[in-house]
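The structure appears right after this line, and notes come after that.
The values are calculated or read from the model by the stated rules, or taken from the named source; none is laboratory data. Since the model is a prediction, treat every value here as computed from it, not as a measurement. Counting neighbours? That spans all protein chains shown, and the Cβs are built from the backbone with ideal geometry, glycine included.
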């Protein structure tokens, strides 16, 4: 070693004082304004997507329960016929229904009960004694029973001229159509949210590449492959997507858990009973929570894949 080299080794050259990049160093800064904004966007999108999924599950579960309740009942409507006794026709129709297998209970409505059914449309305080108010007979079916409805209709038509049988098939079809429509609309909303998330991640990735362009050019100059650069961006945005997904999905899980607890706590009240009748117990069950966790993973994976694809496209264009 020469005297010049020995002096350099003792005093230290300028190059020896430069920081040496390590394997754990990242091309993209870990904490930036753009990164925090992307976390917020992913959190909001994941939260809204989780709410949509939970709402679809609640509506579908309620529709299935309503369909099951309606399908377990039949209604016989007895209209007043001139020259016939209404009470005798009610008794005759009830006896015919009781003779059929699969019918567990037969309950004729009184005149007062039938009039109360008209109050939501006609109001209270009206005298309906002069009006030909029809009477109803509610038939409760046993679980899994298969009643011969055509034969029951024929028997009623022959014995009671003013009687008609309603199996509520129209209501069941409407509720089924409603639940299917809710599922389709929910799926479309989820697709739109995912598309918006992809666009936000693509813009954020392009912004990160623009702000770190000198570093990318230096890495290209020293021989770094495109796959290495893309993996650095992918790892960075995967962390951001996972953070946002956990925040948004966790908030949705807490919201559904709090809603279910509140409904169970106030179930005995009038408001709680009405809420339960409309939306059930507001519990999405273990399946719902699993779907929310899958959406959190999907948000993180979609963020990472979108960022890698955007980086590859940008590098190919350079």
Margin query: With modelled with pLDDT of 85 or more and closer than 30 Å to residue 66 by Cβ as the only criterion, which of 296, 247, 292 stands out?
Written below: 292
Notebook entry, point to check: Restricting attention to the range 201-244, and to residues there that are farther than 10 Å from residue 307 by Cβ and at pLDDT 85 or above, which single residue is surrounded by the most Cβ atoms within 10 Å (Cβ to Cβ)?
Noted result: 244
Notebook entry, point to check: Would the range 229-248 turn up any residue that is under 16 Å from the mean Cα position of the chain (by Cα), assigned to a helix (DSSP H, G or I) and closer than 27 Å to residue 290 by Cβ?
Noted result: yes
Next item on the list: Give 257, 301 a once-over and let me know the one that is modelled with pLDDT of 80 or more, part of a helix (DSSP H, G or I), assigned by TED's automatic domain parsing to the domain that holds residue 46 and closer than 30 Å to residue 225 by Cα.
Entry: 301
Margin query: Tally up the residues in the range 75-95 that are at pLDDT below 85 and crowded, with 17+ Cβ neighbours inside 10 Å, please.
Written below: 1
Item checked: strands (runs of 3 or more DSSP E) fully within the range 74-186 counting 3 or more residues that are out of contact with any helix residue (DSSP H, G or I) (no Cβ under 9 Å at 6 or more places or on another chain) and outside the structural domain of residue 53 (by TED's automatic domain parsing) -> none
Checklist line | Test: residue in the range 262-284 that is assigned to a loop (DSSP other than H, G, I, E, B), modelled with pLDDT of 80 or more and assigned by TED's automatic domain parsing to the domain that holds residue 57 | finding: yes
Next item on the list: Would you check if there is a residue in the range 36-44 being modelled with pLDDT under 75, farther than 19 Å from residue 181 by Cβ and surrounded by fewer than 16 Cβ atoms within 10 Å (Cβ to Cβ)?
Entry: no
